[in-house]
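The values are calculated or read from the model by the stated rules, or taken from the named source; none is laboratory data. What you see is a predicted model, and the numbers here were worked out from it, not measured in a lab. Cβ atoms come from the backbone with ideal geometry, glycine included; neighbour counts cover every protein chain shown. With ligands, DNA and RNA removed, areas are computed over all heavy atoms of the protein, side chains included. Shrake-Rupley method; radii C 1.70, N 1.55, O 1.52, S 1.80 Å.
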Amino acid sequence: MMAQEKLPFVLVVMACYNGAEYLDEQLSSILAQQGIRIALLVRDDGSGDCTPEILADWQARYPDQIELLEGQDNNLGAAGSFSLLLSTALRKWQSGCDYAAIALADQDDIWLTNKLKLSLDALMRSAQGKPGDYPLLVHTDLRVVDKKGEKIAASLMQYQGLDAGKRKFSSQLLSNTVTGCTAVCNKALLELALPVPEQAMMHDWWLSLVASAFGEIAYVNEPLIEYRQHGANTLGARKHSKPGWQRLKTLLSGHGASQEAGQAQQLFYQSAEQAKAFRSRFAAQLTAEQKKSLDRAERMPTLGRWQQRILFRWQRWFD
């Protein structure tokens, strides 16, 4: 058996908010990861329950593995809290910590014991033959469970109708396929992606954009997390109930689809703002084709319903 100090070292960042009910189980599952040395960097986002006390108790029991990011008591929301955690983690990495990768975790899931090992193996395979500054992100499938841990769906990707093969920049601009709590990142990705701009829809979406534009997204087609749904999830799993062409027909018909069409319009507006932020950050590094993809994403809110749906399909068709 490999000595503990020889095992790869992964820093896990976790943002918490009113997560007391499930936090013990999740922390236990993270510290039980096999074949990996684990450190945890955790931040509470102003919880009103006993989450801070639970975190303090765990930190007292595992002082060499768990660090609480304190002195930042303002409520930043999930994206803001993770952005702060990732920036702090990157500074630690740059100061000499020998991390093999940084992983993201939600507060209310359960990790299978081989989650990090399989993700890190995939990251290392992707890194072979690549330069050291090549951004890499690995994500996995998830098993959807209810608040008691009972199975809802064996695969989140199938449940939501997501295609992990749609990983090119043009597709990621309008439809993120990376579930943040499964993500494992290399140093080059964080150095390029951080800080996450305020216009980013979510921190994981921004990371997927940067990886797809300048590096690589790899996928482990295995559910390595029990993704708990309990009614208070920030985003959560939503069942994909219609084939794409049927959903498109419903949206275009205008009959009984006003709420869904409004949600789509909001998505297009937000993704356009995110695209503008991406262009502003990386203007000098973009290819001509990437600029065209950004042009299309930025135009989406200004188009009519038919044009939006056609352009949406076009943007993803050529992935």
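Just to check your reading of the model, which residue among Ala218, Ala211, Ala200, Ala164 is assigned to a strand (DSSP E or B) and either crowded, with 21+ Cβ neighbours inside 10 Å or within 15 Å of the chain's Cα centre (by Cα) (or both)? Among Ala218, Ala211, Ala200, Ala164, only Ala218 is assigned to a strand (DSSP E or B) and either crowded, with 21+ Cβ neighbours inside 10 Å or within 15 Å of the chain's Cα centre (by Cα) (or both).
The condition (being closer than 19 Å to Cys185 by Cβ, in contact with a helix residue (DSSP H, G or I) (Cβ under 7 Å, 6 or more places away or on another chain) and either open to solvent by less than 60 Å² (accessible area, probe 1.4 Å) or in a helix (DSSP H, G or I) (or both)) is satisfied by just one residue among Leu118, Leu123, Leu142: Leu142.
Selection of first residues in region 87-100 that are aromatic (Phe, Trp, Tyr) and of second residues that are assigned to a loop (DSSP other than H, G, I, E, B), restricted to Cβ pairs under 8 Å at least 6 apart or on distinct chains, gives the following pairs, ordered by first then second residue: Trp93/Tyr99.
Which of the residues spanning region 285-319 are modelled with pLDDT of 80 or more, out of contact with any Ser or Thr (no Cβ under 9 Å at 6 or more places or on another chain) and open to solvent by 50 Å² or more (accessible area, probe 1.4 Å)? Listed by number, the residues that qualify are Gln285, Thr287, Ala288, Lys291, Asp295, Arg299, Thr302.
Looking for something touching a strand residue (DSSP E or B) at 6+ places or on another chain (Cβ under 6 Å) and in a loop (DSSP other than H, G, I, E, B) - is there at least one such residue anywhere in region 75-96? So far as region 75-96 goes, no, none of its residues is touching a strand residue (DSSP E or B) at 6+ places or on another chain (Cβ under 6 Å) and in a loop (DSSP other than H, G, I, E, B). Among the criteria (1) touching a strand residue (DSSP E or B) at 6+ places or on another chain (Cβ under 6 Å); (2) of a type in the set (A, V, I, L, M, F, W, C); (3) at pLDDT 95 or above, the one Met124 does not fulfil is (1). Contact annotation: residue pairs with Cβ atoms under 9 Å, 6 or more positions apart or on different chains, pairing a residue in region 8-20 that is open to solvent by 10 Å² or more (accessible area, probe 1.4 Å) with a partner that is at pLDDT 95 or above and small (Gly, Ala, Ser), are Pro8/Gly35; Pro8/Ala100; Pro8/Ala101; Phe9/Ala39; Phe9/Ala100; Phe9/Ala101; Ala15/Ala105. Only one of the listed residues (Leu174, Leu209) is touching a residue at least 60 places away in the same chain (Cβ under 8 Å) and more than 24 Å from Ser87 (Cβ to Cβ). That residue is Leu174.
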